[in-house]
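S.K.: Please find one structure pasted underneath; my questions will follow.
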Amino acid sequence: MYIKLPNRIVGCGFIAIVLSTFFTLSLAAQDSIPPPDVTRKLSAYRQQIQDDPEKEMVELKSIIPSILYDLRYATHNNFVKRPLYPVGTRQAFLRKKAALALQNVQKELAEKGYGLKIWDAYRPYAVTVKFWELIKDDRYVANPARGSGHNRGTAVDLTLIYLKNKKEADMGTGFDHFSDTAHHAFQGLPEEILQDRLLLRTTMEKYGFKALETEWWHYSLPDATRYELLDIPFTQLAPVKVKSKKGK
Ligand SMILES: [Zn+2]
């Protein structure tokens, strides 16, 4: 059935629809435009490491057997209260340069009775998109339009443990605690905690990592943009490493 509406009303309605569609589309575009250089195919990643072996993703326990994992995004125990990685994920990857640097950090900390526990390392790009859909606030999560150092395999979230009992050191806040208490500059904490934060920071920086002023647990390589943003699942990365080892 066709009902003729007065032209003026149709006109206003039409303009409103066009405008709202335009704003919705432009907002959606701003929020979700993927960077053009996300590597999604295993074959493309393999080509990249063939061209530059430094880009290999290394499973951390394969070269640092004593390192501990508590991969929070594979559990409900994280700030979005739901798993964003496949439950049961037991692998954490970083680019070779970062993994080797972490090996040195672990060695040096051991002399002082400490070790490292990993909360997160490489994060597939699709998970950054999921975070953004849930939170949409770049104070807390990376905007997928830029991607994150975690997507490049150059950023790691970690804490200190005591070697004698494998318990986490008290660092003043837990993981993903978004307040100024988590800032490196925050001094309103007991001396022992400030010393442990400083120990983690100075050791990480000694081996080439850069601290993030607002998150004491986050460290990254300064030359991150040399490495592609990846969207390769953990399960696919694992056999790549085995295969490249079996090769030449
Ligand atoms: Zn991080």
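The values are calculated or read from the model by the stated rules, or taken from the named source; none is laboratory data. It should be emphasised that the depicted structure is a prediction, and the values quoted were computed from it without experimental measurement. Here the Cβ positions follow ideal geometry from the backbone for every residue, glycine too, while neighbour counts run over all protein chains shown. All accessible areas refer to the heavy atoms of the entire protein, side chains included, with ligands and DNA or RNA removed. Shrake-Rupley method; radii C 1.70, N 1.55, O 1.52, S 1.80 Å.
S.K.: Any residue at all in the stretch 232-240 that's more than 16 Å from the ligand (Cβ to nearest atom), open to solvent by 60 Å² or more (accessible area, probe 1.4 Å) and either under 18 Å from Lys97 (Cα atoms) or modelled with pLDDT of 95 or more (or both)?
M.R.: Within the stretch 232-240, not a single residue is more than 16 Å from the ligand (Cβ to nearest atom), open to solvent by 60 Å² or more (accessible area, probe 1.4 Å) and either under 18 Å from Lys97 (Cα atoms) or modelled with pLDDT of 95 or more (or both).
S.K.: Considering only residues that are within 21 Å of Leu71 (Cβ to Cβ) and open to solvent by 60 Å² or more (accessible area, probe 1.4 Å), which ones fall in the stretch 171-191?
M.R.: His177, Phe178
S.K.: Could you tell me whether any residue of the stretch 71-80 is polar (S, T, N, Q), touching a residue at least 12 places away in the same chain (Cβ under 8 Å), open to solvent by less than 30 Å² (accessible area, probe 1.4 Å) and in contact with a strand residue (DSSP E or B) (Cβ under 8 Å, 6 or more places away or on another chain)?
M.R.: no
S.K.: Would the stretch 20-30 turn up any residue that is farther than 24 Å from Asn165 by Cα, at pLDDT 95 or above and either part of a loop (DSSP other than H, G, I, E, B) or not basic (Lys, Arg) (or both)?
M.R.: no
S.K.: Just checking, which of Arg123, Arg152, Arg139 is within 16 Å of the ligand (Cβ to nearest atom), basic (Lys, Arg) and touching a helix residue (DSSP H, G or I) at 6+ places or on another chain (Cβ under 6 Å)?
M.R.: Among Arg123, Arg152, Arg139, only Arg152 is within 16 Å of the ligand (Cβ to nearest atom), basic (Lys, Arg) and touching a helix residue (DSSP H, G or I) at 6+ places or on another chain (Cβ under 6 Å).
S.K.: Another question, if that's okay. Of (1) in contact (Cβ under 8 Å) with a residue 40 or more places away in the chain; (2) within 16 Å of the ligand (Cβ to nearest atom), Lys112 satisfies all except one. Which?
M.R.: Lys112 satisfies all of (1) in contact (Cβ under 8 Å) with a residue 40 or more places away in the chain; (2) within 16 Å of the ligand (Cβ to nearest atom) except (2).
S.K.: Can you pull out every residue in the stretch 192-214 that is open to solvent by less than 30 Å² (accessible area, probe 1.4 Å) and within 16 Å of the ligand (Cβ to nearest atom)?
M.R.: Arg197, Leu200, Met204, Phe209, Ala211
S.K.: So, one more: What residue, of His218, His177, is within 12 Å of the ligand (Cβ to nearest atom) and either of a type in the set (Phe, Trp, Tyr) or out of contact with any helix residue (DSSP H, G or I) (no Cβ under 7 Å at 6 or more places or on another chain) (or both)?
M.R.: Unique residue meeting the criteria: His218.
S.K.: Tell me which residues, restricted to the stretch 212-222, are of a type outside the set (Ser, Thr, Tyr) and either without any contact (Cβ under 8 Å) to a residue 24 or more places away in the chain or under 18 Å from Tyr140 (Cβ atoms) (or both).
M.R.: Leu212, Glu213, Glu215, Trp216, Trp217, His218, Pro222
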